[in-house]
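Working notes, structure below.
What follows is calculated from the coordinates using simple rules that are stated; it is not laboratory data. From a predicted model like this one, the values you see are computed outputs, not experimental measurements. Cβ placement follows ideal geometry from the backbone for every residue including glycine, while neighbour counts extend to all protein chains displayed.
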Amino acid sequence: VAEFTGKFAGAVEILAPEATSLDRLVAVGAGRVSGLDEYAWLKLGGTIAASLRKATDVAVVLDLAGASPDGKDAANLAAGILLRGYSFDKYKTRKDKDDGQGSGKADPKKPAKVTIHTTDPVGAKKAFADAEAVIDGVLLARDLVNEPANVLGPVEFAARAKELEALGVKVEILAEKEMKKLGMGSLLGVAQGSPRGARMAVMQWNGGKPKDSPVAFVGKGVTFDTGGNSIKPASGMEDMKGDMGGAAAVTGLMHALAARKAKANVVGIIGLVENAVDGYAQRPGDIVTSMSGQTIEVLNT
């Protein structure tokens with residue numbers, strides 16, 4: 001095929017032979033074999049997913065001149081397919097033509113069935129078992145970020161974090177009463193302009209030795225940020241539902257660590273608030289006291 005050069009991530013569709021049951025045949029270039037690291041295989045998987053987005057049954061054959069991909073390569077390719085195939089369309093009334101036949105809810109695993117042919121199926125399955133835990137954590141974080149703010153407020157986000165207990169994560173949810181006792185005035189100051197109560201989720205995964213110090217991750221969880229009294233411009237404000245992306249990343253991380261039974265002690269902390277505007281909203285010039293006892297003058301809400 002003249003159009004196919006073998007260039008990395010270049011895809012060319014070829015007419016399927018008449019004597020086969022194939023609907024489509026796509027050749028994807030891998031470039032220089034020496035450059036195929038973990039991230040290159042992820043990208044190749046993404047190229048395959050994008051090329052065959054409407055397909056429901058896909059067979060992938062790894063055939064490289066001068067190289068024999070191992071099980072880990074096949075697992076990374078599969079991970080790339082799953083990550084690139086993610087979509088969040090659960091709220092769409094009608095699907096776009098390019099979406100194919102959707103189910104009406106988020107479907108991170110398109111195409112529906114993918115078979116990867118490899119010379120090392122045992123190694124591929126073992127490597128993919130670890131990768132799948134990370135993929136699920138990434139997709140959880142994506143789902144949280146994509147949820148609209150009227151659906152996912154601080155209380156609802158905290159409930160999603162609480163679900164990690166099913167994986168063995170210890171989760172403690174602090175309500176406003178507990179946060180006031182602890183003196184969390186700076187966090188509560190952001191929340192006071194919204195009728196939706198603030199929450200804090202403390203997630204603990206204890207997979208390491210009991211005496212090992214934990215690694216801590218902290219994620220910002222403003223489920224919607226109007227800017228408060230220092231209100232943001234209307235243009236682009238809809239994207240402020242994503243101001244909790246840090247908290248989503250930490251939650252996805254805790255999911256991944258627990259799912260793969262990581263041998264580490266890890267703590268994830270997320271403060272969950274909505275920054276809205278009403279008569280009780282924090283004002284520029286207000287002074288609040290943080291949990292450390294330090295006072296803070298608010299210049300911009």
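Listed values, structure above:
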{"quantity": "Single match in Tyr39, Tyr91, Tyr86 (criterion: under 24 Å from Lys113 (Cβ atoms) and either of a type in the set (Ser, Thr, Tyr) or surrounded by fewer than 19 Cβ atoms within 10 Å (Cβ to Cβ) (or both))", "calculated": "Tyr86"}
{"quantity": "Residues (in a strand (DSSP E or B) and over 18 Å from Tyr86 (Cα atoms)) located in segment 30-74", "calculated": "Ala59, Val60, Val61, Leu64, Ala67"}
{"quantity": "Matching entry among Gly185, Gly168, Gly197, Gly153 (being surrounded by fewer than 22 Cβ atoms within 10 Å (Cβ to Cβ) and either under 18 Å from the mean Cα position of the chain (by Cα) or on the phi > 0 side of the Ramachandran plot (or both))", "calculated": "Gly168"}
{"quantity": "Hey, Ile231 in contact (Cβ under 8 Å) with a residue 40 or more places away in the chain and not in a strand (DSSP E or B) or not", "calculated": "yes"}
